[in-house]
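First the structure, in the form of structure tokens, and then the observations on it.
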Amino acid sequence: MSWQKIIFDFFYYGILLYSIVLLGFYLFIGLFAVGAVRHYLRANRFTDYRILAVSANAPGMSILAPAYNEAATVVDNIRSLLSIHYNNLEVIIINDGSKDDSLQKMIAEYDLHKIDFFVHQQIATQKVRGVYKSANPVFHKLIVVDKENGGKADALNVGINIAGKPYIVCIDVDCILEQDALLKMAKPFLEETGFRVIASGGVVRIANSCLIRNGRLEKVNLPDQFLPRVQALEYIRAFLLGRMAWSRLNGLLLISGAFGAFEKEIVIACGGYNHKTVGEDMELVVRMRRYMEERKEPYKVTCIPDPLCWTEAPVSYKILGRQRNRWTRGTIETLRFHKVMFFNPRYRLLGMLSYPYWLFFELLAPVVEFTGIIGLFLSALLGYINWPVFFALLGFIICFGFLYSIFAILMEVLTYNQYKQSKDILRLVLTALLEPFLFHPFVVWSAIRGNIDLLRKKNSWGEMTRQGFVTKKT
């Protein structure tokens, strides 16, 4: 047997074993998520959130929304945040040295004036240039902070220093929240008695093509364009299946930077957001979990399946590529910062299952797939491929991915059913058919570029140009 054949067999069976384990995890996650969602729906079926909305005992929450060059949407998004049904709330917008007229628009729309405000700098940040509040009592919950540019993590740390409530809710300023979002997000912090809930995440959905009136989501529409639509399907899979399964296991490593709630005391004890990574949202969650594990304190990181937050998805491959490139670099940096947890029994499920899963099947999956494609071409040139077997395996993988997407769509229809028209469900099914050919290869390539850029020590955030929502004003 030639050495080429030995290498090929090792490569072939290694990829095959890797794929079998990965598919096994997907099956487990999908089935385990069903129980998590059913339990949540059953437990919250008769909850009257109106009582919590007006209760003086509702936990105080500070919404932190960094804004950098968000002039297209910032006014409507602030209006959305101010309209949220929650009594004990403050809304903090952090203008991170925007180069556009974001600050001027906020000042004009909300009658803002600079005030004297003592900033307790518990976390080191860039310089704060000014703190603004409105002269209009209608907007008494609003605080706008103008600071020197330092990136999203630095802006969030400024918000943490200023926040006057015990819980912080970190969102992207381009997001639209459901009116009862904070009521549902607060519930996990209140109902757990045996564990300390240190963080909680909500489901993020795609707002492209949805109708927004005065900062409120008025009508849910499935995105018209293919890229946002396939991301809508991707988000359904990721949140309704993946996040819910890991939340049920208490092994969740990531809460979306678009919408997550945290206990401020633990965040400050951990040093706030890390500005040395572009994946600050994941890194903070991992660091908070590591902090609690090392102190052997019982805790939970939860995720709830309600679609509470709507965000604008990239509509071009250029912007999408920047986003996925950054996500890859952020994941690598986070896992590298906390590599001590890798198969370390001291960190229990976090070290023995969550961290290895993210390393092998989230971080390395694109690398393995890309390597497999290169190996395929080389093997074809050398004549080592059994083509009938190859096409049978390829067909199986494509069918598995399609059926997994169909399962996620079915879960959506049976639970929250945001897309109520039959034609929208059919469009989602068609999108699931096209995804392996028109979307997935680009995502894999973007992840590879993220690995390459990290090796080149490229640490830029990457500009995310936004079109703005489809809006109506009364």
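Kirkwood Rh over alpha-carbon pairs of region 240-308, then Stokes-Einstein at 20 °C and 1.002 mPa s: what D in µm² s⁻¹, rounded to an integer? Mind dumping the intermediate values first?
On the way: Rh = 12.7 Å.
Translational diffusion coefficient: 169 µm²/s.
Using the charge dipole of region 255-399 (Lys, Arg: +1 at Cβ; Asp, Glu: -1 at Cβ; taken about the Cα centre), state which of L320, V340, S354 has its Cα farthest towards the positive end.
V340
What order do you get for K339, K147, K105 when you list them from fewest to most C-beta neighbours inside 10 Å?
Details: K339 11, K147 22, K105 17.
Least crowded to most crowded, the residues run K339, K105, K147.
Going through region 140-230, which GluC sites (Glu not before Pro) have at most 16 other Cβ atoms within 10 Å and a DSSP loop state?
Numbers: sites: E148, E178, E191, E192, E218; in loops: E148, E178, E192.
Passing both the DSSP loop test and the Cβ count: E148, E192.
Where does helix 387-414 land angle-wise versus the long Cα axis of the chain, in degrees 0 to 90, nearest 10?
Value to nearest ten degrees: 30.
Compute the relative contact order of the chain as a whole-number percentage, counting only Cα pairs closer than 8 Å that sit 6 or more residues apart in sequence.
On the way: 785 pairs, mean separation 84.9, N = 474.
It comes to 18 percent, rounded to a whole number.
Using only the alpha-carbon atoms, what does region 332-403 span along each of its principal axes? Please give whole angstrom values in decreasing order.
47, 29, 18
With just the Cα atoms defining each centre, how far is region 301-340 from region 125-139? Give it in Å.
Here the answer is 29 Å between Cα centres.
With the contact rule set at Cα under 8 Å and sequence spacing of 6 or more, what percent relative contact order holds for region 90-190?
It rounds to 33 percent for region 90-190.
Ignoring everything except DSSP H segments at least 4 long, calculate the 222 nm mean residue ellipticity for the chain; use -39,500 (n - 2.57) per segment, divide by total residues, nearest 500. Walk me through the intermediate numbers first.
Numbers: 15 runs with 224 residues, N = 474.
Here the helix-only value at 222 nm equals -15500 deg cm²/dmol.
Assuming a viscosity of 1.002 mPa s and a temperature of 20 °C, what translational diffusion coefficient in µm² per second does Stokes-Einstein assign to region 279-346, Rh being the Kirkwood radius over Cα pairs? Don't jump to the answer; show the numbers that get you there.
Values: Rh = 14.5 Å.
So the translational diffusion coefficient is about 147 µm²/s.
I need the trypsin sites (Lys or Arg not before Pro) found in region 212-319, filtered to DSSP loop residues with at most 12 other beta carbons within 10 Å of theirs.
Numbers: sites: R213, R216, K219, R229, R237, R243, R248, K264, K276, R287, R289, R290, R295, K296, K300, K318; in loops: K276, R295, K296.
Answer in residue order: K276, R295, K296.
Pop the C-beta distance of I115 and Q179 into the FRET formula with R0 = 30 Å and round what comes out to the nearest 0.05. Please list the in-between numbers first.
Details: r = 29 Å, r/R0 = 0.95.
After rounding, the FRET efficiency stands at 0.55.
With an 8 Å Cα cut-off and a minimum separation of 6 or more residues, compute the relative contact order for region 315-366 in percent. Numbers along the way, then the final one.
On the way: 22 pairs, mean separation 14.0, N = 52.
So the answer I get is 27 percent.
Between S55 and R456, how high is the FRET efficiency from 1/(1 + (r/R0)^6) when r is the Cβ-Cβ distance and R₀ = 41 Å? Nearest 0.05.
Numbers: r = 52 Å, r/R0 = 1.28.
Approximately 0.20, to the nearest 0.05.
Based on the Cα coordinates of region 269-418, what is the per residue volume of their convex hull in Å³?
Details: hull volume 28.9 nm³, N = 150.
Residue-normalised Cα hull volume stands at 192 Å³.
Working from the alpha-carbon coordinates of region 339-468, get Rg over Rh, Rh being the Kirkwood radius. The partial results should precede the final answer.
Values: Rg = 19.4 Å, Rh = 18.5 Å.
Rg/Rh: 1.05.
Most exposed first by the Cβ proxy, i.e. fewest other Cβ within 10 Å, how do I176, I425 rank?
Numbers: I176 25, I425 17.
Result, fewest neighbours first: I425, I176.
Can you tell me the 0 to 90 degree angle between the C-alpha axis of helix 152-162 and the longest principal axis of the chain, rounded to 10?
With both axes taken from Cα atoms, the answer is about 30 degrees.
What do you get for the angle between helix 3-43 and the principal long axis of the chain? Use alpha-carbon atoms, 0 to 90 degrees, nearest ten.
Compared with the principal axis, the helix lies near 40 degrees.
May I ask for the Kirkwood hydrodynamic radius of the chain, worked out over all distinct Cα pairs and given in angstroms to one decimal? Don't skip to the end; give the middle numbers.
Working: mean 1/r = 0.0426 Å⁻¹.
About 23.5 Å, per the Kirkwood formula over Cα pairs.
For a footprinting-style exposure proxy, rank M352, M185 by other Cβ within 10 Å, fewest first.
On the way: M352 17, M185 26.
Fewest to most other Cβ atoms nearby, the residues stand as M352, M185.
Where the centroid of each part is defined by its Cα atoms, how far is region 199-230 from region 1-38 in Å?
Answer, in whole Å: 33.
Bear in mind these aren't lab numbers, they're just calculated from the coordinates by the rules spelled out. Please read these numbers as outputs of a predicted model, since none were measured by experiment. Every residue, glycine as well, gets a Cβ built from its backbone with ideal geometry; the counts of neighbours run over all protein chains shown.
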